[in-house]
Amino acid sequence: MRTKQFSWLSALSLMALIAGITGCNPPAPVGNIPVNEDSVRGHILPISQAVAYTAKFRSTRDTFYKQLPPLGKLLNLGQAEAFNRDAIAVLLNQKDTSGNQAAGIRIYYGLDEGGQVRMVLVPYDKNGNDIINQLIGNKVVSIPGISSANAFWTDGQTIENGQRCPTVCGSGFGGLGGSTGGGQ
């Protein structure tokens with residue numbers, strides 16, 4: 001009798017533990033995010049042209065910094081800013097007030113207190129309007145006069161604070177950061 005009771009209690013405890021662990025974690029993504037290749041075609045840039053663009057940017061930036069040394073402190077452009085998959089997914093999962101999924105992501109340029117140029121990402125709707133929502137949390141409140149917004153301006157959120165390069169860059173050669181390895 002004691003063995004049956006122990007087994008039953010152990011099995012119940014194990015099920016509760018599994019339910020608790022799996023219930024707290026979202027399921028892992030399976031497969032690729034669906035893509036409409038026709039929508040992508042207009043955005044495709046051959047890697048050779050991308051390498052040329054980024055090399056010209058770095059060269060021009062460095063020339064300006066040499067000609068105007070204070071510019072590097074007032075307008076620190078860096079080379080790139082990386083955002084993780086979850087940061088992009090939370091933007092693409094946003095809906096406008098009509099319940100339509102975000103059509104894409106707009107990237108604004110911002111300037112932080114330290115003079116670093118920062119990327120500020122916001123989803124937009126099918127009409128090109130920014131969707132201003134609270135990204136983390138479940139508060140959804142309409143902003144008067146902005147049909148695509150679902151939060152008060154003070155509650156609306158965007159994505160920023162990407163990993164800046166130089167500082168956090170890839171370690172391999174052949175990327176867009178230059179041939180010095182990691183773009184530094």
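The values are calculated or read from the model by the stated rules, or taken from the named source; none is laboratory data. Since the structure is predicted, the reported quantities are computational estimates derived from the model, not experimental observations. Quick reminder, even Gly has a Cβ in these numbers, built from the backbone with ideal geometry, and neighbours come from all protein chains shown. For the accessible areas, the whole protein counts, side chains as well, though only heavy atoms, and no ligand, DNA or RNA atoms are used. Shrake-Rupley method; radii C 1.70, N 1.55, O 1.52, S 1.80 Å.
When Glu37 is tested against (1) open to solvent by less than 80 Å² (accessible area, probe 1.4 Å); (2) farther than 25 Å from Thr158 by Cβ, exactly one condition is not met: (1).
Within the range 91-108, residues that are over 8 Å from Leu121 (Cα atoms) sit with their Cβ atoms under 8 Å from residues that are open to solvent by 60 Å² or more (accessible area, probe 1.4 Å) and among the aromatic types (Phe, Trp, Tyr), at 6+ positions apart or across chains, in these pairs: Ala102/Tyr124; Ala103/Tyr124; Gly104/Tyr124.
All of Lys66, Lys95 fail the test of being open to solvent by 80 Å² or more (accessible area, probe 1.4 Å), under 25 Å from Thr167 (Cα atoms) and of a type in the set (Lys, Arg), apart from Lys66. Criterion first (within 21 Å of Leu176 (Cα to Cα) and out of contact with any Leu (no Cβ under 7 Å at 6 or more places or on another chain)) does Tyr108 satisfy it? In short, yes. One residue alone among Gly110, Gly78, Gly20, Gly72 is modelled with pLDDT under 90, open to solvent by less than 90 Å² (accessible area, probe 1.4 Å) and not in a helix (DSSP H, G or I), and that residue is Gly78. Taken as a whole, the range 41-64 holds no residue that is under 22 Å from Gly115 (Cα atoms), of a type outside the set (Phe, Trp, Tyr) and in a loop (DSSP other than H, G, I, E, B).
Residues that are assigned to a strand (DSSP E or B), modelled with pLDDT under 55 and either surrounded by 11 or more Cβ atoms within 10 Å (Cβ to Cβ) or of a type in the set (Val, Ile, Thr) (or both) are absent from the range 154-170 altogether. Does at least one position in the range 76-84 carry a residue that is free of Cβ contacts under 8 Å to residues at least 40 places away in the same chain, closer than 27 Å to Gln134 by Cα and not β-branched (Val, Ile, Thr)? Scanning the range 76-84, I find at least one residue that is free of Cβ contacts under 8 Å to residues at least 40 places away in the same chain, closer than 27 Å to Gln134 by Cα and not β-branched (Val, Ile, Thr), so the answer is yes.
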